[in-house]
Amino acid sequence: MASSASSLLRATRTKLFSPFSSSLSRTFAYPPSRLSPSLPLSRSLGFSSAAARSLPRWSHRVDWRSPLSLRSQIRAVAPVIERFHRKIATMASENPFKGNLTSLPKPGGGEFGKFYSLPSLNDSRIDRLPYSIRILLESAVRNCDNFQVTKEDVEKIIDWESTSVKQVEIPFKPARVLLQDFTGVPAVVDLACMRDAMNKLGSDSNKINPLVPVDLVVDHSVQVDVARSENAVQANMELEFQRNKERFAFLKWGSTAFRNMLVVPPGSGIVHQVNLEYLGRVVFNNEGLLYPDSVVGTDSHTTMIDGLGVAGWGVGGIEAEAAMLGQPMSMVLPGVVGFKLSGKLRNGVTATDLVLTVTQMLRKHGVVGKFVEFYGDGMGKLSLADRATIANMSPEYGATMGFFPVDHVTLQYLKLTGRSDETVAMIEAYLRANKLFVDYNEPQQDRVYSSYLELNLDDVEPCISGPKRPHDRVPLKEMKADWHACLDNKVGFKGFAIPKEAQGKVAKFDFHGQPAELKHGSVVIAAITSCTNTSNPSVMLGAGLVAKKAHQLGLQVKPWVKTSLAPGSGVVTKYLLQSGLQKYLNEQGFHIVGFGCTTCIGNSGDLDESVASAISENDIVASAVLSGNRNFEGRVHPLTRANYLASPPLVVAYALAGTVDIDFEKEPIGTGKDGKNIYLREIWPSTEEIAEAVQSSVLPDMFRSTYEAITKGNPMWNQLQVPADTLYSWDPNSTYIHEPPYFKDMTMDPPGAHGVKDAYCLLNFGDSITTDHISPAGNINKDSPAAKYLLERGVERKDFNSYGSRRGNDEVMARGTFANIRLVNKLLNGEVGPKTVHIPTGEKLYVFDAAHRYKASGQDTIVLAGAEYGSGSSRDWAAKGPMLLGVKAVIAKSFERIHRSNLVGMGIIPLCFKAGEDADTLGLTGHERYTIDLPSKISEIRPGQDVTVKTDTGKSFTCTVRFDTEVELAYFNHGGILPYVIRNLIKQ
């Protein structure tokens, strides 16, 4: 805990944060082709509001790496640049580390630019720091102004070995913000709503403009309605534009209404892969100032960029919005787990097998809120794509980052993906000069880590994970036994409680004139889906080779298995075609359906009616096998109770087998055209075969041509007509975009701190409640409160779309909160479903209806939970929804990092039971009424302090309040992060 004086300083300077001062203190924080002068900045430079609006803006429709387009834009706004530089020069002179600015020479003469040199600090402690912490240090040194970032903050980071165990707070300024459209739509809705609020309060609403460059990639938009078809991509795209035209138009409006916001149109790829292949800079050269790339994104899998040596992690949409508007990222200086890799993967073992092994190890070790940094001799044996696959899964093992420092493998990937030789040379020279580059050909100085793990890659074996959680790894050779154990076990993460006499049930049905049958474990969905693995050519081409060998031997996927292939970018299509393997994937039903999130996010589309009926009428535990990273219950599809994560080649293999109830070592995968049994080993490609396919098929020109086309959009996107107004005209009849009530009756005075009095328990949960349980992203159940709302407004069931697509409508999303059909609520005594008990009457109601009744009576509610509450996606609606339902506090054993932050951002109090305690050990049933004693003055609350919770039954217990920083206390005082931002903007 910081001293009272330093706490006061922190609180004071927090209140003084402003977008203008933030933009100046960043010095040269953003690439000039992405920086648009906002109206507040323009006026600060001497322009009136009208003049500022007339200024030309930086174009997002050009390649920011093009010197010609850059020069033309600089000439267009030369007066602004000149005056801006004068302001920058003034602020730069205030940096106490200005003497550490060092020139970086070019090999042939001249210089790449200047940089804030860590070696010139002459502090031996820096050499012992993990590389991930050095990036935080460089940012603090570069942005130090003794106002937003102080010399004390810099010292905390340098002294990381001592301070990381003390939960000290530091500010961090990322270079950019990344959005995808599922979280981008709510972000733009909130910005529009904030602009309206400021307008109503009589302030200049045009202050609401992102100061940090924002890349918004429209990627979560592929509902797999058309799968087994050569024209699936076009057909699905047309359906998506029909369903989501209003949502897409809203995003396009946002790209014009808000400066500094780039929207990458639908069909370009998934956000993480576009970031990896195209948007990631690794090192910025901004007007001659060099510094590391860093990014925060509104999807938890933003961490994929860590495989490229770029520090990036997921934050809640609420937190990202504040960062966009100039607020600093306040974070606890994290511990770093050192993960040593040695050896090399054996023949036939995939990167997916490795990542599932790493995920299980790290989840068991406990890395929530920490960085994981990989090192060791085995690093040189891992391709960049393999690293990105591991980094992508950081949320699944719970870490903030899974970081791979830049080395020669990184540089090779940058060249492969079309970065110029000069750019790569600059990146290497800068990182070497600033002790941020790892050269495994040189002796390695020992770095200090908070804890250590080690894995010999040679020990990794083929595996999958499931049936309900990504870290429940099952070695492939044990899968059949594990499956039968799951059938026997009681209902839980590893159990379905199927009676012995029912385990052999066969459901026979007619599939479009063909006889068909399903059993427990039958595969009905097999999806190579976009997020985790499709950045990795080795597993994608491996899947193609399995399909080819199977086709040649006469094996065929059953027609009732819903198969799909959703690459993360258009580059995948190019190399699958180049290799000649796409045609074999097509033969097995794995047609390309689109370039965004599909099955992993719940966009698997409907199963054939005959298949759905066979499952439902016979209570079959059907299975989905997918190459994504999420398999939580109820997420993939309501009718697939068993969901397994597997490598793309194994997805094809399980689709061919038609069941997960198989021992691939001993049982044939099927019968070939000559009547002989075919085993998995006969169609599995060798490591050499895969390497040869990668070498000959993955070419730099593929990346260049793919991303040159991004800024051109596509005909459907380009034809969207949007208004030019900066204030959005809300349509009260829209079921997609709706003005939320966050700022209704907002006043300039913050509401202040508050406790909770006589609250009812809305829900009582056990462990591992995910954000999918809290706020589903998949299909809208036909009997749910959200469905009722849509039907009442004339929306037909076929047009319900998904919760994800309707995240811009708070009315739908509030009704979708706690609407997961697999929700297990202890108040229902073991019954599964999205209902709860209304305590005063004892009635069993949908959660939304019970919450509505509590709110109508003026009664607050809380939620009781177990460990890892809010794990999974960084879904802001998992915090917004409960807030709208009237939830005032969540008491849990532990929280997932991002979700806890989101709760704070929406003004909900997160509390943790004391170690060894939970609702059960304390004898709490959830039928009590709860009073949480918090001081009424914010100055009397400390981060992490203990408070007493009392019940009306006479029981009381102590909890820890999880406001982790002084800044979070300021947010709570204002009722949330967004009201805090508005009030501070109005005061300027």
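Exactly one of these conditions fails for Ala657: (1) within 29 Å of the chain's Cα centre (by Cα); (2) surrounded by 14 or more Cβ atoms within 10 Å (Cβ to Cβ); (3) modelled with pLDDT of 90 or more. Give me its number.
(1)
Run Lys340 past the list (1) in contact with a Phe, Trp or Tyr (Cβ under 8 Å, 6 or more places away or on another chain); (2) assigned to a loop (DSSP other than H, G, I, E, B); (3) open to solvent by 10 Å² or more (accessible area, probe 1.4 Å) and report the number of the one that doesn't hold.
(2)
Matching residues to (1) among the β-branched types (Val, Ile, Thr); (2) surrounded by 12 or more Cβ atoms within 10 Å (Cβ to Cβ):
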position	(1), (2)
Leu699	no, yes
Phe703	no, yes
Met716	no, yes
Gln719	no, no
Val722	yes, yes
Tyr728	no, yes
Pro732	no, no
Ile737	yes, yes
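Pick out, from segment 417-522, the strands (runs of 3 or more DSSP E) lying fully within it that include 3 or more residues that are more than 30 Å from Arg281 (Cβ to Cβ), out of contact with any helix residue (DSSP H, G or I) (no Cβ under 6 Å at 6 or more places or on another chain) and open to solvent by 20 Å² or more (accessible area, probe 1.4 Å). Write out each step before concluding.
Working: elements: 451-456, 463-465, 473-475, 506-511, 514-519.
Fully inside segment 417-522 and qualifying: 451-456, 506-511, 514-519.
Condition (residue is touching a residue at least 24 places away in the same chain (Cβ under 8 Å), of a type outside the set (Val, Ile, Thr) and over 22 Å from Asp190 (Cβ atoms)) applied to segment 805-812: is it met by at least one residue?
no
Just the residues that are in contact (Cβ under 8 Å) with a residue 60 or more places away in the chain and not small (Gly, Ala, Ser), please, taken from segment 308-322.
If the condition is that a residue be in contact (Cβ under 8 Å) with a residue 60 or more places away in the chain and not small (Gly, Ala, Ser), then Leu308, Trp313, Val315, Ile318, Glu319, Glu321 are the ones that fit.
Just to verify a result, which residue in segment 147-172, among those that are among the polar types (S, T, N, Q) and part of a loop (DSSP other than H, G, I, E, B), is most open to solvent (accessible area, probe 1.4 Å)? Step through it out loud before you land on a result.
Residues of segment 147-172 among the polar types (S, T, N, Q): 148, 150, 162-164, 167.
With the extra rule that they be part of a loop (DSSP other than H, G, I, E, B), the set shrinks to 148, 150, 167.
Values: Gln148: 3, Thr150: 11, Gln167: 121 Å².
The selected residue is Gln167.
Taking the condition of being open to solvent by less than 20 Å² (accessible area, probe 1.4 Å), touching a Phe, Trp or Tyr at 6+ places or on another chain (Cβ under 7 Å) and either outside any strand (DSSP E or B) or not hydrophobic (A, V, I, L, M, F, W, C) (or both), how many residues in segment 101-120 meet it? I'd like the intermediate steps shown before the answer.
In the first step, residues of segment 101-120 are kept if they are open to solvent by less than 20 Å² (accessible area, probe 1.4 Å); the result is 104, 113, 115-118.
Still in the running and touching a Phe, Trp or Tyr at 6+ places or on another chain (Cβ under 7 Å): 104, 115-116.
Still in the list and also either outside any strand (DSSP E or B) or not hydrophobic (A, V, I, L, M, F, W, C) (or both): 116.
Number of matching residues: 1.
Among (1) open to solvent by less than 10 Å² (accessible area, probe 1.4 Å); (2) at pLDDT below 85; (3) under 27 Å from Ile977 (Cβ atoms), which single condition is Asp299 missing?
(1)
Would you be able to say whether some residue in segment 893-900 is open to solvent by 10 Å² or more (accessible area, probe 1.4 Å) and polar (S, T, N, Q)?
Looking through segment 893-900, at least one residue is open to solvent by 10 Å² or more (accessible area, probe 1.4 Å) and polar (S, T, N, Q).
Condition test on Leu607, is it modelled with pLDDT under 95 and out of contact with any helix residue (DSSP H, G or I) (no Cβ under 7 Å at 6 or more places or on another chain)?
Considered against the rule, which asks whether it is modelled with pLDDT under 95 and out of contact with any helix residue (DSSP H, G or I) (no Cβ under 7 Å at 6 or more places or on another chain), Leu607 comes out as yes.
Specify the residue that is nearest to Tyr803 (Cα to Cα); the eligible residues are those in segment 182-240 that are modelled with pLDDT of 85 or more and of a type in the set (Gly, Ala, Ser).
Filtering first and then ranking leaves Gly184.
Hey, among His899, His974, which residue is touching a helix residue (DSSP H, G or I) at 6+ places or on another chain (Cβ under 8 Å) and over 30 Å from Asn199 (Cα atoms)? Write out each step before concluding.
Working: His974 fails: over 30 Å from Asn199 (Cα atoms).
Criteria check complete, one pass: His899.
Just the residues that are open to solvent by 10 Å² or more (accessible area, probe 1.4 Å) and in contact with a strand residue (DSSP E or B) (Cβ under 6 Å, 6 or more places away or on another chain), please, taken from segment 585-606.
Ile592, Phe595, listed by residue number.
What are the residue pairs meeting all of these: first residue in segment 590-611, first residue closer than 14 Å to Asn629 by Cα and in contact (Cβ under 8 Å) with a residue 12 or more places away in the chain, second residue basic (Lys, Arg) and buried (at least 24 other Cβ atoms within 10 Å of the Cβ), Cβ atoms under 6 Å, and 6 or more apart or on different chains?
Sorted first by the residue in segment 590-611, then by its partner, the pairs are Cys600/Arg630; Gly602/Arg635.
Taking Tyr278 as meeting all but one of (1) out of contact with any strand residue (DSSP E or B) (no Cβ under 6 Å at 6 or more places or on another chain); (2) open to solvent by less than 10 Å² (accessible area, probe 1.4 Å), write down the number of the exception.
(2)
What are the residues in segment 348-402 that are assigned to a loop (DSSP other than H, G, I, E, B), aliphatic (A, V, I, L, M) and crowded, with 20+ Cβ neighbours inside 10 Å, if any?
Val349, Val367, Leu382, Met393, Ala399
Go through segment 161-193 and count every residue that is out of contact with any strand residue (DSSP E or B) (no Cβ under 8 Å at 6 or more places or on another chain) and aromatic (Phe, Trp, Tyr).
So the answer is 1.
Within segment 904-944, restricting attention to residues that are among the polar types (S, T, N, Q) and within 18 Å of Lys888 (Cα to Cα), which residue is surrounded by the most Cβ atoms within 10 Å (Cβ to Cβ)?
Residue satisfying both the conditions and the ranking: Thr931.
Write out, first by first residue and then by second, each pair whose Cβ atoms fall under 8 Å of each other, whose residues are 6+ apart or on separate chains, and whose first residue, in segment 670-684, is surrounded by fewer than 12 Cβ atoms within 10 Å (Cβ to Cβ) while the second is among the polar types (S, T, N, Q).
Note: pairs meeting the criteria are Asn677/Thr671.
For segment 754-767, what are the residues that are touching a Ser or Thr at 6+ places or on another chain (Cβ under 8 Å) and open to solvent by 10 Å² or more (accessible area, probe 1.4 Å)?
His754, Gly755, Lys757, Asp758, Tyr760
Right, Gln552: modelled with pLDDT of 95 or more and assigned to a loop (DSSP other than H, G, I, E, B) or not?
Numbers: modelled with pLDDT of 95 or more: yes; assigned to a loop (DSSP other than H, G, I, E, B): no.
Considered against the rule, which asks whether it is modelled with pLDDT of 95 or more and assigned to a loop (DSSP other than H, G, I, E, B), Gln552 comes out as no.
The values are calculated or read from the model by the stated rules, or taken from the named source; none is laboratory data. Since the structure is predicted, the reported quantities are computational estimates derived from the model, not experimental observations. Every residue, glycine among them, receives a Cβ derived from its backbone with ideal geometry; neighbour counts consider all protein chains shown. For the accessible areas, the whole protein counts, side chains as well, though only heavy atoms, and no ligand, DNA or RNA atoms are used. Shrake-Rupley method; radii C 1.70, N 1.55, O 1.52, S 1.80 Å.
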